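The values are calculated or read from the model by the stated rules, or taken from the named source; none is laboratory data. Since we're looking at a predicted model, the values are computed, not measured. Heads up, the Cβs are rebuilt from the backbone with ideal geometry, glycines too, and the neighbour counts pull from every protein chain shown. For accessibility, only protein heavy atoms count, side chains too; no ligands or nucleic acids. Shrake-Rupley method; radii C 1.70, N 1.55, O 1.52, S 1.80 Å.
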Amino acid sequence: MLSKLKTSLVLTVIGLLSGLSIWGINELTAPIIAENQAAEELGIFIELFPEGIRVDQEAVEDGTINQITTVYDGDDQAIGTVLRGTANGYGGEMTVLVGVAPNGEIVDVIIGDNSETANIVGGLIEEYLPNLNGQPISEVSYDAETGATLSYNAVQTVVNASRNLVAGDPLIELLEDLGLSGTYEETTLFVPATNAYTLSAGGEMLELTLDSGTLYVLFDGLTVYGAGGSADPLIVDAINAIQGASIETLELDHPDRTQIIRAVADTVATEPMEGEFIFASRPYVVDGETLGTTYLGTSIGFRDDNTFAMSFLETGELARIENIVLSDTPDYYRDNVEPGFEGLYGLTEFSEVFANDVFAGATGTGASVTDILKEAAILAGGDQ
Amino acid sequence: MSATVFVTAILSSMLINNIILTRFLGVCPFLGVSNRIEKAMGMSVAVIFVMVIASAVTYLLYYYVLAPLEISYISTIAFILIIASLVQLVEMVIKKVSKKLYKGLGIYLPLITTNCAILGVVELNINAGFNAEYGMWNGFFVAVTTAFGAGLGFALILFAFSSIRERLEHAPVPESWKGIPVSLVVAAIMALAFIGLGGIA
Amino acid sequence: MNEKLNLMKEFTKGIVSENPIFVMLLGMCPALAVTATLETSLGMGLLVIFVLTLSNVLISSVRKFIPENVTIPAFIVVIATFVTIVRMLTQAYAPALFDALGIYIPLIVVNCIILGRATAFASKNKVLPSLIDGLGMAIGFTLAISLIGILREIFGTGAIAYGVYLPLGIQGSILNIDSPLFNIAILTGPAGGFLILAVLLAFFNSRKIKKAEKLKAERKRLAKEKRAAKAKEVTA
C-alpha cells in the first residue's frame with residue numbers, strides 16, 4: 001500500500017514538474033513563434049510587393065479564390081492585392097497566387113503548392129507566366145499554345161476568377177452593355193462550343209473560340225440578341241446589326257460565318273436524351289442539308305468526363321467524331337486518339353474495331369470514345 | 001467522400017511515401033529483426049496493429065482534447081504515453097484472448113514503444129491536417145487508412161528485405177561489408193527503385 | 001587523479017569506442033533522415049546534446065526516488081519533456097531548422113540512444129559521471145551524423161552551405177566544387193543516406209578487422225617467442 005502511494009506520488013510530482021516547465025517555456029516562446037509565423041506569411045507577399053510591411057488578409061468563398069491579401073507600405077497605403085486560389089490541374093489541386101497592382105496590372109503570378117509534373121510547372125514559370133506580368137487584369141489574354149496543358153488551364157481558372165473579383169466579370173458587363181440584367185449559369189446540355197451559358201434573363205449565350213479571339217453570342221431560339229468579346233470587331237458588329245432577326249440572316253463575308261451559324265443552330269436544335277452515355281441528339285446538318293443525326297455523349301476518361309459528338313448518316317454510317325469537352329491531356333488526345341478517327345468513318349459495325357481497340361489503346365481517353373460510340377451506333381441502327 | 005481517397009491514401013502511404021525507404025522510420029527493426037521471414041512478419045503484424053489503433057486514439061485526443069484546450073504543444077508527451085499504454089494494453093488483451101497469438105507477437109510488443117515508426121506515423125498524420133482537408137470524421141478515417149497503409153508498407157519492405165537477406169547470407173561479401181553495411185546497400189537500391197513509384201503520384 | 005582519468009574515459013568512450021552510430025548502431029533513423037546537409041546534421045546533433053545531457057543529469061539525480069516498477073514510464077516522461085522544450089525553443093529561435101527537421105524533432109523521444117543511456121547508465125551512476133557520459137555520447141552522435149552530412153552534401157551538391165538552417169546571421173557556402181563527381185543528386189535523397197552510411201560502416205569495419213588481425217599476429221609472434229625461449233631453457 002505504502003509503496004503504491006509512493007509510486008503514484010512520484011509520478012504525480014514528475015508529471016507536475018514536467019507540465020510546469022513546458023508551460024513556462026511555452027509562455028516564453030509562444031509570442032516569438034507567432035511572430036515567426038506572421039513573418040513567414042508576409043514572406044511571399046513581400047516577394048510580390050517588396051515595399052510592403054503589413055498585410056491585411058480576408059478569407060473569401062468564391063469557389064476558386066479563397067483568400068485576398070492587401071499589402072500596405074510604410075505610409076499605410078495599399079500597394080497591391082494578392083489573390084490566392086486553387087484549381088484542379090493534372091495532378092490534383094494546385095494553388096496559384098495572383099498579385100495585382102492598384103492600377104489593375106498583373107504584377108506576378110506565382111504557383112504555390114501543387115502536385116503537377118515538375119517539368120511542366122518549370123516551363124510554365126519560365127516561359128508563359130512572365131507573359132502575364134504587366135497585362136491589365138481586366139483584359140488578360142493567354143498564350144493559346146500553352147492551353148495544351150492542364151496545369152496552365154488551372155492557372156487560367158485562378159487568374160480569371162481573380163479578374164472577376166478585381167475588375168468585375170466581363171460576361172456580366174457584356175450582358176449589361178446589351179441591356180440585359182441578371183446572371184448566367186454554365187450549362188452542359190448544349191455544349192457545341194467552348195462554353196455555353198443559360199441566362200437568367202432568358203435565352204442562351206455561347207462562347208466561341210475563333211482565330212481572332214473569343215466571341216460571345218446571345219440568342220433565344222434562332223433569334224440573336226447581340227454579341228461581344230475580343231473577336232474581330234467586324235463579326236461582333238455584323239451580329240449586333242441583325243439584333244432581333246434569325247442568325248441565318250447574318251450576311252458577312254468572313255471565314256468564321258459558317259462556324260458561328262452552325263454553332264447557334266446546333267444549340268437550338270439539340271434535344272435532351274437519356275441514355276447511359278448519350279445525353280442529347282440533334283440533326284446532322286452539312287451546308288443546310290440534314291444528312292442524319294448527331295449524338296452527344298459523355299463518359300469518364302483518364303482524368304474526368306469527356307464529351308464527344310458522334311454524327312451518323314441516315315444509313316447508319318459513322319460520318320464524323322467531334323470532341324466537345326476534353327478533361328484529359330490535350331496533347332495526348334491530339335497525337336494518339338484523334339488520328340484514329342479517320343479509320344472509323346464510313347463504318348456501321350464497330351464490334352471488331354472495339355475488340356482490337358485500335359485508337360484507344362489501353363487508355364482512359366480512348367475508352368471514353370469507345371463507350372459513347374458504342375451507344376451512339378446502336379441508336380443509329382448500326383452496331384448491335 | 002469517394003473510395004478513391006482511401007485507395008490513394010493506402011497506396012501513397014504504403015509505396016510512394018514508404019516509411020522505411022523514404023522517411024527512415026523503423027530502420028532499427030528493419031536492420032535488426034529482418035533476418036528471418038517469420039520474425040519479420042510477426043513484427044510487422046504487431047506494428048500494423050499498434051499503428052492503426054494509436055493513430056485512431058491520438059487523432060481523437062488531438063482534435064477533441066488538446067486542440068480545443070490550446071495545449072497542443074504537449075502533444076509529443078501525450079502521444080508517447082498513449083503509445084506506451086496502448087502497447088501494454090494490447091499485450092494484456094492478447095495474453096488473455098489467445099496464448100498462441102501472445103507467443104507469436106508478445107516478444108515484439110515491448111520493442112514497439114520505442115519504434116519510431118509508430119510515433120512518426122502518428123505525428124505525420126497530425127501534421128498532414130486531414131481534418132481540415134476532409135472534415136473531422138472523414139479525416140479520421142483517412143488518418144486511420146493512412147496508418148494502415150504505412151503499416152502495410154513497413155511489412156512489405158520487411159518481408160522483401162528478409163527474403164533478400166536470406167540469400168545475402170550465402171553471398172560472397174567482403175569481410176568488412178558483411179552484415180549491416182551490405183544490408184544498407186540493399187536498402188539504398190530498394191530506395192532507388194521506390195523513387196520510380198513517386199511518378200505515379 | 002584516478003577519478004579524473006575515469007571521467008575522461010567516460011567522455012571519450014561515447015566518441016570513439018562506443019560511438020552510438022558507428023559502433024552501437026543506435027539512433028539510425030535520424031542518422032539517415034536529417035543528414036542530407038551538414039547544417040541539418042549539426043542542428044539535430046545540438047538538440048540531442050541538449051536532451052541527452054539534461055535527461056541524464058535529471059534522471060541520475062532523482063534515480064533513488066523513482067520506484068523500480070515505473071522507471072521506464074518516468075524516464076519517457078522526463079525525456080519527452082526535454083524534447084518538447086527543445087522543440088519549442090527551436091521553433092522560436094531557429095524556425096528554418098525547425099521546418100527542416102520536421103517530425104524528427106519529436107522523434108528524438110524514441111531515439112534509442114537517449115532511453116538507452118538513461119536505463120544503462122544514468123539510473124545507476126552519480127550525477128557527474130552521468131553528465132559526462134551523456135555529453136560524450138551526444139557529441140559522438142553529433143560527430144558521426146555530421147560526418148555523414150558532410151559527405152552527402154559535398155558529393156551531392158559540390159559545396160557546403162552555411163547559414164541556411166542555423167541562425168548564424170550570415171549565409172553562404174564554401175568549397176563550391178564544379179565537377180560531375182561532386183554532383184551526385186541521389187546522395188541528397190533517401191538512397192544516399194543508406195549508401196553513405198553503408199560505406200562509412202564498412203570503412204570502420206575494415207579498420208577494426210585490420211586491427212584485430214594485427215593483434216592476432218602480434219599475439220602469435222609473442223607466443224612463438226615464448227615457446228622458443230622455453231625450448232631453449234629446456235635444452236640448456
*For the pair A:ASP177 and A:GLU352, what calculated FRET efficiency results from E = 1/(1 + (r/R0)^6), where r is the Cβ-Cβ distance and R0 = 60 Å, to the nearest 0.05?*
0.65
*Using a ≥ b ≥ c from the Cα gyration tensor of segment A:54-168 (square roots of the eigenvalues), is it rounded, prolate or oblate, where a/c under 1.5 gives rounded and otherwise the larger of a/b and b/c decides, a/b for prolate?*
prolate
*Would you calculate the separation in nanometres between label points at A:ASP75 and A:GLU58, each defined as 7 Å from the Cα along the Cα-to-beta-carbon direction?*
2.3 nm
_Angle in degrees between helix A:257-269 and the longest Cα principal axis of chain A, rounded to the nearest 10_ = 80 degrees
_Dipole magnitude (debye, nearest 20) for segment A:171-255, charges at Cβ of Lys, Arg, Asp, Glu_ = 140 debye
*Quick one, could you list the DSSP H helices from chain C stretching 30 Å or more along their long axis (Cα atoms) with average Kyte-Doolittle hydropathy of 0.0 or above?*
C:38-61, C:71-93, C:127-157
*Expressed as cubic angstrom per residue, what is the convex hull volume of the alpha carbon set of segment A:271-379?*
97 Å³
*Extending each Cα 7 Å along its Cβ direction at B:VAL45 and B:MET92, get the distance between those two points in nm, one decimal.*
2.3 nm
_Charges on Cβ only, +1 for Lys and Arg, -1 for Asp and Glu, centred on the Cα centroid of the protein assembly as shown; of A:ILE111, A:ASN133, B:ALA54, which one is farthest towards the dipole's positive end?_
B:ALA54
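Using the heavy atoms of the protein chains alone and a 1.4 angstrom probe, what is the accessible area of the protein assembly as shown per residue in square angstrom?
49 Å²
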*asked:* If you count only protein heavy atoms and use a 1.4 Å probe, how large is the accessible surface of B:TRP177, to the nearest 10 Å²?
replied: 80 Å²
*Just the number, please: carbon plus sulfur as a percent of the accessible area of segment A:54-168, 1.4 Å probe, no ligands or DNA/RNA counted.*
41 percent
*Note the full-extension length gain between C:ALA217 and C:LEU128 as 0.36 nm times their separation in residues minus their Cα-Cα distance, in nm to one decimal.*
28.0 nm
*Helix B:75-97 vs. chain B, principal-axis angle (Cα, 0 to 90°, nearest 10)*: 70 degrees
*Under 5 Å, built H, 5+ apart or other chain: amide partners of B:ILE19*: B:PHE154
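What's the carbon and sulfur percent of segment C:1-84's accessible surface, probe 1.4 angstrom, rounded to a whole number?
70 percent
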_Quick query: amide H of A:VAL285 versus all other amide H atoms, modeled in the peptide plane; which residues come in under 5 Å with a sequence gap of 5 or more or a different chain?_
A:LEU291
_Could you work out the pair-distance distribution P(r) of the protein assembly as shown from its alpha-carbon pairs, with 10 angstrom bin width and percents rounded to whole numbers?_
2, 10, 16, 19, 16, 13, 11, 7, 3, 1, 1, 0, 0, 0
*Within segment B:3-200: Cβ-based charge dipole about Cα centre, in debye rounded to nearest 20 (Lys, Arg +1; Asp, Glu -1)*: 660 debye
*At the nearest 100 Å², what buried accessible area, both sides summed, do you get for C and B when the probe is 1.4 Å?*
3000 Å²
*Share of carbon and sulfur in the accessible heavy-atom surface of segment A:1-48 [1.4 Å probe, %]*: 72 percent
_With a cap of 11 neighbouring Cβ atoms within 10 Å, and only residues DSSP puts in a loop, list the GluC sites (Glu not before Pro) found in segment A:193-271._
A:GLU251
*Which angle from 0 to 90°, rounded to the nearest 10, does the C-alpha axis of helix A:150-166 make with the longest principal axis of chain A?*
80 degrees
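If R₀ is 41 angstrom, what is the calculated FRET efficiency for the pair B:LEU111 and C:ILE174, using the beta carbon separation as r and rounding to 0.05?
0.45
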*Along the positive direction of the dipole of segment A:54-168 (beta-carbon charges: Lys, Arg +1; Asp, Glu -1; about the Cα centre), which of A:GLY74, A:ASN164, A:TYR90 reaches farthest?*
A:TYR90
*Mind checking the dipole of the protein assembly as shown: about its Cα centre, +1 per Lys or Arg Cβ, -1 per Asp or Glu Cβ, Debye to the nearest 20?*
10720 debye
*asked:* Run the simple label-point estimate for C:ALA185 and A:ASP253 please: 7 Å along Cα→C-beta, distance reported in nm.
replied: 5.8 nm
